[in-house]
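Asker: Below is a structure I'd like to ask you about.
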Amino acid sequence: MIFIGFLSRGGLIVAIEPNAWNLSYMISFRLVHMKQGVTPNEFPLSPFVVRDDFSKLFSSVSVLPFRRYDVPFLRQFGWLGNSFIGGLFRKTYLIFRHLFVPKIIQGTFFIAIGKKE
């Protein structure tokens, strides 16, 4: 966040980050890491930590879920993820998540927006 000092009054900063609290994304991240690996600078972030950090620097902060209907770990199973069984699992998972999981955790990514006053 070196460039925050260069942000004009009334300016916005927008960050799109992978969600460390999204179970589906974390399973996918672990599977990809086991198969082919990821670079050391690739890791998901907590939307709650980012919200708290942005709140220290900006007067107006929003953290919103992004890609709420995505179930990325199913892609790691190839044809099975695209099959009838994969589709049934996807729908069941999304219904469960919609009913029991807070909205911010539902997105595989989140968008953090901060406004400088």
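Asker: Among what's in the stretch 43-55 and is under 13 Å from the mean Cα position of the chain (by Cα) and of a type in the set (Phe, Trp, Tyr), pick the residue that is nearest to VAL14 (Cα to Cα).
Answerer: Only one residue tops the list, namely PHE48.
Asker: So in the stretch 60-100, with the set limited to residues that are among the β-branched types (Val, Ile, Thr) and loosely packed, with under 15 Cβ neighbours inside 10 Å, which one is farthest from PHE43 (Cα to Cα)?
Answerer: Among those residues, the one meeting the criterion is ILE85.
Asker: Separate question: Of everything in the stretch 106-117 that's surrounded by fewer than 18 Cβ atoms within 10 Å (Cβ to Cβ) and either basic (Lys, Arg) or in a helix (DSSP H, G or I) (or both), which residue is modelled with the highest pLDDT?
Answerer: LYS115
Asker: Regarding the stretch 64-76, can at least one residue be identified that is within 21 Å of TRP21 (Cα to Cα), among the hydroxyl-bearing types (Ser, Thr, Tyr), modelled with pLDDT under 80 and touching a helix residue (DSSP H, G or I) at 6+ places or on another chain (Cβ under 8 Å)?
Answerer: Yes, because at least one residue in the stretch 64-76 is within 21 Å of TRP21 (Cα to Cα), among the hydroxyl-bearing types (Ser, Thr, Tyr), modelled with pLDDT under 80 and touching a helix residue (DSSP H, G or I) at 6+ places or on another chain (Cβ under 8 Å).
Asker: Modelled with pLDDT of 80 or more, under 30 Å from GLY11 (Cα atoms) and more than 17 Å from the chain's Cα centre (by Cα), is that true of PHE58?
Answerer: yes
Asker: Looking only at the stretch 8-42, filter to residues that are modelled with pLDDT under 85 and among the aromatic types (Phe, Trp, Tyr); which one of those is farthest from the chain's Cα centre (by Cα)?
Answerer: Only one residue tops the list, namely PHE29.
Asker: Can you tell me which residues in the stretch 14-26 are touching a Phe, Trp or Tyr at 6+ places or on another chain (Cβ under 7 Å) and surrounded by fewer than 18 Cβ atoms within 10 Å (Cβ to Cβ)?
Answerer: Result: ILE16, GLU17.
The values are calculated or read from the model by the stated rules, or taken from the named source; none is laboratory data. Just so we're clear, the structure is a prediction, and the values are computed from it rather than from any experiment. Because the Cβ atoms are built from the backbone with ideal geometry, glycine has one as well, and the counts that use them run over all protein chains shown.
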